[in-house]
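Notes follow once the structure below has been shown.
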Amino acid sequence: MKFTDGYWLMRPGVTARYATEVAGVRADEHRMTLYAPVKHVLTRGGTLNSPLLTVQCWSPAEGVIGVRATHHAGSVRRGPEFALPGAQPNAGNVHRDGAVVELSAGELSLRVDTSQPWLLEFTAGGRVLTSVGERGTGFVTDTDGRHFMLGQLSLDVGELVYGLGERFTPFVKNGQVVDIWQADGGTSSEQAYKNIPFHLTNRGYGVFVNHPGKVSYEVGSESVGQVQFSVEDQSLEFFVVHGPTPKQILERYTALTGRPALPPAWALGLWLTTSFTTDYDEATVGRFVDGMAERGIPLSVFHFDCFWMRAYQWCDFDWDDETFPDPVGMLSRLKERGLKISAWTNPYIAQQSALFEEGMREGHLVRRPDGSVWQWDLWQPGMALVDFTNPAARDWYIGKLKTLLDQGVDCFKTDFGERIPTDVVWHDGSDPERMHNYYTHLFNQAVFELLLAERGEGEALLFARSATAGGQQYPVHWGGDCESHFKAMAESLRGGLSLGLSGFGFWSHDIGGFEGTPTPAVFKRWVQFGLLSSHSRLHGSKSYRVPWDYGEEAVEVTREFTLLKHRLAPYLQRAAQQAHTTGVPVMRAMVLEFPDDPAAATLDRQYMLGADLLVAPVFNDDGTVDYYVPEGTWTNVLTGTQVTGPRWVREQHGFHTLPLLARPDSVVPLAADDQHPVSAWADGVELRVHAFADGAERTVVIPSADGPGETARFHLRRRGERLYVTTDSPHPWQLRIGGPDETAHTRPAGTAEADLPYPD
């Protein structure tokens, strides 16, 4: 939100007051509180009839410093609040040296010279990361009686801002106005399903605004040298998170707000859905499943979208008995074929649903101030909203889902959660404005915890559309409603990379696009992209996404890339384990892996899949793709061709290839079984060695499919023309140097060491 009119003036009706100096300090060993008048106080009389801001500073964890600026501390705080599971008491230390007071948290420090005009400097490694200057702390009022708190952090020359959730606008956020406010806006606007008040920059730090309501950002837009954030409240709290690398920033941020759970490994396989408004019944489902098998395309998950329930009755959680007369038997038959089952849900109850009367009678539905149930006709006629702040309502809702689990459903698509009204009263007294964004967190948390209780750790899985800060704990999230063309494909990738830089480890999207029907070219290119994402789902709105609807070559491409993903499963599972333990996403913006390469700073049409694979999707009909290759010799995993960077490359690819490049000195493990996402990965594993330099060493972990553990470990080192391998694996294994056509060196079970020639 803009308050100024250019640099010199305020907008009509707006009055701003900014911290000007430090009038006093209270400090103990771990915290300090600064008292900041909004004018220079020259005499005792100057202390009268003027606001005094209270600015508290502390550290909840090493490398993190919190600042809370308050105008009137007596305002009622009704919640909700973001949970900070990683916060620790007394993590920082305060030092005073004359007029200078400093709070340190590891390498990160906050320095204040109380003898000078207002200036908070955040420093690390002997340099200033960012600072809060003369207009950086304050409050604003307007003629409508609204009261806003604002903060400003300086931007250095060349400093770039990333994150703020799954945003489909330009990848670098400089110059943008961003409102953290959940909306069902598709993938082609400034609105977002997943709004996260966290950003990071290429200067070694991130900032988390700890406010679940609407946070308005001016990212170098109102004041071009500042990131400004404001909230309609009496206080504003933010955390500066030091890296210095982007990965370390995400590690510290997710340690504070929660790390992603580890999804089950079976979810890495291909998902197929009924699509949304298409005609389908059990015969349709059977035809789809049979068609995939007949064409040699392994399928892992089948998803039933909205119309598994009867029209006008979402959600009542009863199968439409006209289209699915024997749901338990049908699910059993599908599971006998090795499929997992996903079912669509949302938190809304239509008036015609049998649950509406029950929910209204029991007080489970959100109400207006006059006591009536809040309703409208958008999405579902007479739609009401489950009040997840009411423990009884939460138990009532998840009890309905438990029945589905007992029938054979394995996971849920938790759709919507963005259309949350503010003219309501919540059971626990939560502030409606703060609950608008936070509601989806309660929804996803309730469903995920049910799955955790019923299916166990490592088996709980959502396919969620909306989220806010902390929502990364409940994966997986997908990119919402996109069109079915190349531009929408690129929009989706931008959103996913932005979400990954906001602390979310796993992300998917509708292969082929949701709205409309893709051309065969779009479908085939999206299949490549989708099966080189952390999770892969074929889904549409008014048209099916079975590959044979898009031609025989689409079938071939879908088969090839599904089998490829199965072979990559141990590599992807290892990346998933890293997301679970560190918060670093599976799909990584190039800047995350190459923060010191200026050319990587703005790249949003390519990404790293895990640490070692570069993916550059093709976004046009003619197969031309421009992509950037960082330093070193990179090897195309599909073709074996090599390209040396740093440089830009232009290539043309048919539908069976794309730029999928292995990093120099990398070793990518490939499963022997290409028919299933979960197999005995260590048994017959192929280690694909790429451009290993003399002196290079690498340890490769073959992960467990059952959790965060491992099943085998290989250590490789090159010395001159020899490659030495040691392993603890009891299984046979292969090693291949270079591309897919190179000769494989096969070693029998129990081979603990190998000495192999390394050809240049």
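The values are calculated or read from the model by the stated rules, or taken from the named source; none is laboratory data. Just so it is clear, the model here is predicted, and its values are computed rather than measured. Cβ placement follows ideal geometry from the backbone for every residue including glycine, while neighbour counts extend to all protein chains displayed. The accessibility values were calculated without ligands, DNA or RNA, using every heavy atom of the protein model including side chains. Shrake-Rupley method; radii C 1.70, N 1.55, O 1.52, S 1.80 Å.
Going through segment 302-341 one residue at a time, which ones are part of a helix (DSSP H, G or I) and over 32 Å from the mean Cα position of the chain (by Cα)?
Pro327, Val328, Gly329, Met330, Ser332, Arg333, Glu336
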(request) Go over the candidates Arg135, Arg127, Arg96 one by one and state the one that is loosely packed, with under 14 Cβ neighbours inside 10 Å and in contact (Cβ under 8 Å) with a residue 60 or more places away in the chain. (result) Arg96
(request) Output the residues belonging to segment 187-220 that are part of a loop (DSSP other than H, G, I, E, B) and touching a residue at least 60 places away in the same chain (Cβ under 8 Å). (result) Thr187, Ser188, Tyr193, Asn202, Arg203, Gly204, Asn210, His211, Pro212, Gly213, Lys214, Gly220
(request) Working carefully through the options Leu493, Leu462, find the one that is touching a Leu at 6+ places or on another chain (Cβ under 9 Å) and either modelled with pLDDT of 95 or more or at positive phi (or both). (result) Leu462
(message) Can you list residue pairs whose Cβ atoms sit under 6 Å apart, with the first residue in segment 106-119 being of a type in the set (Gly, Ala, Ser) and the second being buried (at least 17 other Cβ atoms within 10 Å of the Cβ) and in a strand (DSSP E or B)? Count only pairs 6 or more apart in sequence or on different chains.
(response) Ser109/Glu102; Ser109/Thr123
(request) Please determine, by comparing only the residues of segment 13-33 that are under 30 Å from Asp144 (Cα atoms) and not β-branched (Val, Ile, Thr), which one is most open to solvent (accessible area, probe 1.4 Å). (result) Arg17
(request) Within segment 525-540, identify whether any single residue is farther than 18 Å from Leu164 by Cα, surrounded by 23 or more Cβ atoms within 10 Å (Cβ to Cβ) and out of contact with any strand residue (DSSP E or B) (no Cβ under 9 Å at 6 or more places or on another chain), and answer yes or no. (result) yes
(request) Among the residues of segment 337-364, write down those that are among the polar types (S, T, N, Q) and open to solvent by 10 Å² or more (accessible area, probe 1.4 Å). (result) Gln351, Gln352
(request) Could you figure out which of (1) assigned to a strand (DSSP E or B); (2) free of Cβ contacts under 8 Å to residues at least 60 places away in the same chain isn't true of Leu272? (result) (2)
(request) Give the residue, chosen from Thr54, Thr70, Thr15, Thr43, that is closer than 20 Å to Glu134 by Cβ and more than 35 Å from the chain's Cα centre (by Cα). (result) Thr15
(message) From the list Arg394, Arg419, exactly one residue is modelled with pLDDT under 95 and either over 27 Å from Ser75 (Cα atoms) or part of a loop (DSSP other than H, G, I, E, B) (or both). Which is it?
(response) Arg419
(request) Kindly indicate whether Val591 is within 24 Å of Thr284 (Cα to Cα), among the hydrophobic types (A, V, I, L, M, F, W, C) and either part of a helix (DSSP H, G or I) or touching a Lys or Arg at 6+ places or on another chain (Cβ under 7 Å) (or both). (result) no
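Go through Asp184, Asp179 for me and flag whichever is in a loop (DSSP other than H, G, I, E, B), within 20 Å of Tyr439 (Cβ to Cβ), modelled with pLDDT of 95 or more and of a type outside the set (A, V, I, L, M, F, W, C).
None of the others qualify; the one that does is Asp184.
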(message) Given the criteria at pLDDT 95 or above, under 18 Å from Gly165 (Cα atoms), open to solvent by 10 Å² or more (accessible area, probe 1.4 Å) and over 19 Å from the mean Cα position of the chain (by Cα), does Phe238 qualify?
(response) yes
(request) Please work out which one of (1) buried (at least 24 other Cβ atoms within 10 Å of the Cβ); (2) in contact with a Ser or Thr (Cβ under 8 Å, 6 or more places away or on another chain); (3) not β-branched (Val, Ile, Thr) is the condition His211 fails and give its number. (result) (2)
(request) Residues being of a type in the set (Asp, Glu) and open to solvent by 10 Å² or more (accessible area, probe 1.4 Å): count how many of those fall in segment 509-524. (result) 1
(request) Kindly check whether there is at least one residue in segment 409-424 that is open to solvent by 10 Å² or more (accessible area, probe 1.4 Å), among the small types (Gly, Ala, Ser) and in contact (Cβ under 8 Å) with a residue 40 or more places away in the chain. (result) no
